[in-house]
Every structure is written in structure tokens, then in C-alpha cells.
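I have placed the structure first, in the form of C-alpha cells, so that the comments after it can refer back to it.
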Amino acid sequence: MKRFSLLLFLALTLAGLQAVQAQGLRVGDRAWYTVRGGLFLGLNQSFHNGSVPLLPSAENAFYADGNGSNFIFGVHGEKALTRFVVLGLRLTFDQMSGAIEGRYTEPFRIADPQGTPWEVVRDHSVDYTLQYLTLGGYGKMYPMGGPGLFLSGGLSVGALMKHDYAHTATLVEPEWASGSAAPEQSGAIDNANGVRYAASIGLGYDLYFRYGFLTPQIMYEFGLNNVVDAKYGDSWKINNLRAVVDLTFPIP
């Protein structure tokens with residue numbers, strides 16, 4: 001999915017650049033300096049890293065890393081201060097769900113029918129569903145004057161909307177007991193932080209059409225605080241790679 005997101009972004013950008021060059025489109029001053037607003041849709045590749053628990057809320061949490069692919073969408077508004085600087089706001093429905101897998105040697109043994117003790121090894125799998133409603137401010141810098149190529153940066157605050165998990169574990173050792181599954185566990189993630197802070201950087205390109213702007217861009221977002229406020233996940237953060245397309249219209 002990450003490769004698809006990058007290819008989609010590059011395809012949109014190249015197609016747009018060829019169209020602009022072929023048609024010689026330009027944006028008038030009135031359209032550029034008017035307050036603009038619109039919608040956006042994107043693909044979000046989430047990277048869960050740090051102390052990500054394979055068994056939530058457990059004392060021995062079997063830490064691992066993982067990732068997940070999701071859609072994001074929302075509304076935004078912005079205004080050009082000059083030909084080189086634009087400021088804006090985004091309201092985003094953020095989904096940062098992820099699948100985490102790992103093999104773990106349990107801190108106990110089991111005995112076979114002859115009484116011989118064996119180490120217990122399980123494959124753990126947990127699916128996290130994390131959703132936020134995020135408000136973010138951003139700035140764009142146009143090295144050659146806008147519209148066109150820009151660099152972006154921003155800060156955001158997200159309110160937690162959903163925080164669920166579903167966990168399974170399957171025995172892989174000893175071989176004579178392989179395939180035995182532990183009862184599935186699911187529920188809400190304990191001690192989940194109700195607020196998420198993040199910072200982002202990115203680049204994009206504005207394509208002008210008759211009624212506004214079509215703007216493909218790619219962004220990388222850094223999670224600044226932990227997903228949970230607990231010892232079992234004391235360094236669990238989520239970073240995101242995003243390919244987004246904005247549709248923006250001048251507001252009279």
C-alpha cells in the first residue's frame with residue numbers, strides 16, 4: 001500500500017505538470033489571494049513503533065512494531081499572504097489502525113503426557129483500531145512563487161474517538177501441541193491518551209483548473225506523544241506517511 005500511495009502521488013503530479021505545461025494555465029491574482037476552502041482525501045500508511053504491546057494491558061507485553069494502511073479525509077481552508085507564503089487549517093478524520101505480529105517465548109513450560117517439560121512459544125497477533133478527529137495548522141512555502149511547487153509544515157492536535165483491539169495467539173512450540181489457539185481477547189485499549197500531538201512536513205504541487213485548484217501532495221507526520229499512558233507502552237508512538245489530494249475553491 002505504501003508503494004501504491006507513492007506511485008499514485010507521482011502519477012497525479014506528472015499528469016498535472018504535463019497538463020499545465022501544455023495548456024499554459026495561470027492563476028489570476030484574485031483567485032490566489034482570495035480565501036480558499038475545500039475537501040481532501042488521502043491514503044495513510046501508519047507505522048506503530050516503540051513499546052507496542054502484542055497483548056494490551058499485560059505486565060509482560062511482548063513488544064513489537066507494525067503498520068497499517070487506512071484512508072483519511074476532511075475539510076480545509078487557506079489563504080495566501082504573499083506569492084510565497086500560504087497559511088491554512090485542516091479538520092481531519094484520522095484512522096491509524098495497525099496490525100502487529102510477533103513470536104514470543106512464554107515465561108513458563110508445559111509437560112507432555114510423559115511428564116517432560118517443554119518451552120511454550122506462541123505467535124501473537126493484534127489488530128488496533130485507532131481513530132482521531134484532528135485539527136491542524138499548516139504553512140506552505142513556494143520557492144518560485146505560487147501556485148505551483150511548495151514545501152509544507154504543520155502542527156496538529158487530535159481528539160481520540162475510538163481505541164479498540166482484537167488479540168489472538170497460536171501455539172507453535174512444542175511441536176506436539178502446535179496449532180492450539182488461546183481464547184481471543186478484545187475490547188478497549190486501557191489508558192489510551194485522549195489527545196494526540198503531531199508535527200508534519202511535506203511537498204506538493206498546485207494544479208489550476210477553471211474553478212479552483214487540484215493539489216496532490218505527500219506528507220510525513222511524526223507522533224509527538226505516546227498512544228497510551230502506561231508502563232506497558234511507555235514509548236508507543238505512531239508516525240504516518242500520507243499521499244493526499246486537495247480540491248480547493250476560491251471563496252468570494
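The values are calculated or read from the model by the stated rules, or taken from the named source; none is laboratory data. These numbers come from a predicted model, not from an experiment. Virtual Cβ from ideal backbone geometry, glycine too; neighbours counted across all protein chains shown.
A few comments on the model shown:
- Thr13 passes every criterion in (1) β-branched (Val, Ile, Thr); (2) surrounded by fewer than 18 Cβ atoms within 10 Å (Cβ to Cβ); (3) modelled with pLDDT under 90 apart from (2).
- Qualifying residues in the range 79-93 (those that are modelled with pLDDT of 95 or more and surrounded by 20 or more Cβ atoms within 10 Å (Cβ to Cβ)) - the one nearest to the chain's Cα centre (by Cα): Thr92
- If you go through the range 229-239 and keep only what is crowded, with 21+ Cβ neighbours inside 10 Å and under 17 Å from the mean Cα position of the chain (by Cα), you end up with Trp236, Ile238.
- The number of residues in the range 144-164 being buried (at least 20 other Cβ atoms within 10 Å of the Cβ) and over 18 Å from Phe73 (Cα atoms) comes to 4.
- Residues that are within 17 Å of the chain's Cα centre (by Cα) and aromatic (Phe, Trp, Tyr) within the range 183-205 comprise just one, Tyr197.
- Of all residues in the range 42-58, at least one satisfies being over 21 Å from Gly194 (Cβ atoms), surrounded by 16 or more Cβ atoms within 10 Å (Cβ to Cβ), among the small types (Gly, Ala, Ser) and touching a Lys or Arg at 6+ places or on another chain (Cβ under 6 Å).
- Where strands (runs of 3 or more DSSP E) fall wholly inside the range 52-115, the ranges with 3 or more residues that are farther than 30 Å from Ala181 by Cβ are 64-80, 85-95.
- Qualifying residue in the range 171-182 (condition: surrounded by fewer than 20 Cβ atoms within 10 Å (Cβ to Cβ), within 28 Å of the chain's Cα centre (by Cα), of a type outside the set (Phe, Trp, Tyr) and on the phi < 0 side of the Ramachandran plot): no
- Here Met141 fulfils each of the conditions (1) out of contact with any Pro (no Cβ under 9 Å at 6 or more places or on another chain); (2) surrounded by 15 or more Cβ atoms within 10 Å (Cβ to Cβ); (3) closer than 16 Å to Gly88 by Cα; (4) of a type in the set (A, V, I, L, M, F, W, C) apart from (2).
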